[in-house]
Amino acid sequence: MAPYPHYSPSRDRKLDDARADLPHVSASDPVGRFHVARQRVGKPIAVSAWRVTTENPAVADAVGGFYGGVPQMLDAGDEHVAEVLTRRDHIPVLLDGRGAVSLRMVMRGAGETFHVCDGTRFLEPAGARGSLCGCPASLADRKAAAQAGRGPTPEVRIGFRLADLPELGVFSLVSTSWELAAELPMLASTLNAAAVPAMGVLRYGLVEFTTRSGIAVSYRRPIVEVGRTQVFAQDAVRLAA
């Protein structure tokens with residue numbers, strides 16, 4: 001893919017022009033990623049709507065043109081990555097069955113990954129693949145072990161097309177949300193029974209609660225809803241504040 005250090009997309013560019021520049025991509029080669037936060041000085045900073053990154057300027061232009069947001073270049077060294085801070089916290093998506101979602105448990109440290117499992121057996125390293133990993137059976141116990149620094153954390157992967165712009169190709173979302181990991185079995189079951197592609201919504205949910213000590217807590221997390229076809233109505237997909 002050719003570098004584009006001076007990429008400056010026009011907001012008035014027609015969406016059809018962007019689509020004409022799109023490459024042919026495979027389902028195993030995502031054209032972009034959805035994120036729930038930005039990085040600032042190495043720390044995640046929550047935003048109010050979906051953030052999308054891509055190495056393809058035509059994809060960035062199409063996403064920004066449809067969902068709002070002007071593509072900006074990121075300082076990513078030799079990589080040429082565009083970022084789009086959209087104005088949508090609900091995005092209608094198409095998911096290709098149960099295979100569109102997956103979960104693995106990952107533990108990293110000192111710049112390396114040394115534990116990757118499916119919760120029961122190792123997936124990596126290759127020499128340990130298939131052997132028992134020793135993780136607790138319940139997700140609650142796995143979370144307690146992870147919080148104590150003795151166990152891996154979830155890595156949920158979701159692949160999808162944008163229902164509004166399916167020709168762009170497959171996008172991905174990688175999340176470490178324990179809530180999303182807990183919801184994954186039901187989501188996978190729903191996708192297994194649904195027609196392909198399944199219509200759904202990728203929601204950038206706001207979670208708010210007050211602790212017992214009176215401290216107000218709020219954070220954002222991804223939520224996937226399948227079969228909510230009514231949200232495809234224009235007045236139901238709202239602009240983020």
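Can you report the number of residues in region 144-172 which are closer than 21 Å to His115 by Cα and not β-branched (Val, Ile, Thr)?
12
For residues in region 121-148 being part of a strand (DSSP E or B) and among the charged types (D, E, K, R), which is farthest from Ala182 (Cα to Cα)?
Glu124
Go through the residues of region 11-26 one by one and say whether even a single one is modelled with pLDDT under 55, part of a helix (DSSP H, G or I) and open to solvent by less than 60 Å² (accessible area, probe 1.4 Å).
yes
For region 197-217, what are the residues that are closer than 20 Å to Ile91 by Cβ and either open to solvent by 90 Å² or more (accessible area, probe 1.4 Å) or in a strand (DSSP E or B) (or both)?
Ala198, Met199, Gly200, Val201, Leu202, Arg203, Tyr204, Gly205, Leu206, Val207
Just to be sure, is Arg129 at pLDDT 95 or above, touching a strand residue (DSSP E or B) at 6+ places or on another chain (Cβ under 8 Å) and open to solvent by 40 Å² or more (accessible area, probe 1.4 Å)?
Judged against the criteria, Arg129 is not a match.
Which of the numbered conditions does Ala194 fail, given that it passes all the others? Conditions: (1) aliphatic (A, V, I, L, M); (2) open to solvent by 10 Å² or more (accessible area, probe 1.4 Å); (3) within 19 Å of Val93 (Cα to Cα); (4) free of Cβ contacts under 8 Å to residues at least 60 places away in the same chain.
(4)
Which numbered condition in (1) open to solvent by 20 Å² or more (accessible area, probe 1.4 Å); (2) farther than 30 Å from Val31 by Cβ; (3) outside any helix (DSSP H, G or I); (4) of a type outside the set (Ser, Thr, Tyr) is the only one that Gly151 fails?
Among (1) open to solvent by 20 Å² or more (accessible area, probe 1.4 Å); (2) farther than 30 Å from Val31 by Cβ; (3) outside any helix (DSSP H, G or I); (4) of a type outside the set (Ser, Thr, Tyr), the lone unmet condition for Gly151 is (1).
Please determine, by comparing only the residues of region 77-119 that are touching a residue at least 12 places away in the same chain (Cβ under 8 Å), part of a loop (DSSP other than H, G, I, E, B) and open to solvent by less than 80 Å² (accessible area, probe 1.4 Å), which one is nearest to Leu206 (Cα to Cα).
Asp89
The values are calculated or read from the model by the stated rules, or taken from the named source; none is laboratory data. No experiment lies behind these values; they were computed from the predicted model shown. Cβ: placed from backbone, ideal geometry, glycine included. Neighbour counts: every protein chain shown. Ligands, DNA and RNA are excluded from the accessible area calculation, which covers all protein heavy atoms including side chains. Shrake-Rupley method; radii C 1.70, N 1.55, O 1.52, S 1.80 Å.
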